[in-house]
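The values are calculated or read from the model by the stated rules, or taken from the named source; none is laboratory data. Small disclaimer: the values here were computed from a predicted structure and weren't measured. Cβ coordinates were reconstructed from backbone atoms using ideal geometry, including for glycine residues, and neighbour counts include every protein chain displayed. Heads up: the accessible areas ignore ligands, DNA and RNA and are worked out on the full protein's heavy atoms, side chains in. Shrake-Rupley method; radii C 1.70, N 1.55, O 1.52, S 1.80 Å.
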Amino acid sequence: TDMVVICSLDDAPDLDRKMLDELASMALAERPSYPFCMGAKGMTLYRLGDYKGAVAQFPTKGFVNPKDELLSLIFLAMTHKQLGNDAMAKTLLAQATASAEEELGELNGPEMPYQDRPIVWCMVHSVLKEAQELIGDAK
């Protein structure tokens, strides 16, 4: 599932998105209510252009790792934008931006649970930048 998430951070056209989606589906079948797996599946559906499927897949609660919550929230914002729900996309992006500032702050902040802060910071901020470019002003 980690590979699925990492590969979904970028919209690189040379990735086999269908294979990544199959891997996400297998992980989700093993742990159907685990937010990390649900978010990974949603990310693959987003990258495949299945926005209706993606919006239904992203979890909204039960997160253990702040990174998983932030990535799901950012992808959910982009998904709503793709579906034409501009107001919802802006609201979710504003929430994600505020949460990223609160949870992550600076690149060289205190240690985080589960993963190294610089890795999480880069993951979240790369997708956050994409969402800001797609959605525009989050206010």
For the chain, modelled as a GNM with alpha-carbon contacts under 10 angstrom, which of Phe75, Phe63, Phe36 fluctuates the most? Phe63
In square angstrom, what is the accessible area per residue of the chain with a 1.4 angstrom probe? 54 Å²
Seen from all sides and averaged, what is the projected area of the convex hull of the Cα atoms in the chain, in nm²? 7.8 nm²
Among residues other than Thr44 whose Cβ falls under 15 Å from its Cβ, what is the net charge (Lys/Arg +1, Asp/Glu -1)? -3
Looking at the chain as a GNM with Cα springs under 10 Å, which of Lys90, Lys67, Lys129 has the largest mean-square fluctuation? Lys129
Hey, could you get me the Stokes-Einstein D for the stretch 1-42, Kirkwood radius over alpha-carbon pairs, 37 °C and 0.692 mPa s, rounded to whole µm² s⁻¹? 323 µm²/s
Ignoring any ligand, DNA or RNA, what whole percent of the accessible area of the chain comes from carbon and sulfur when the probe is 1.4 angstrom? 53 percent
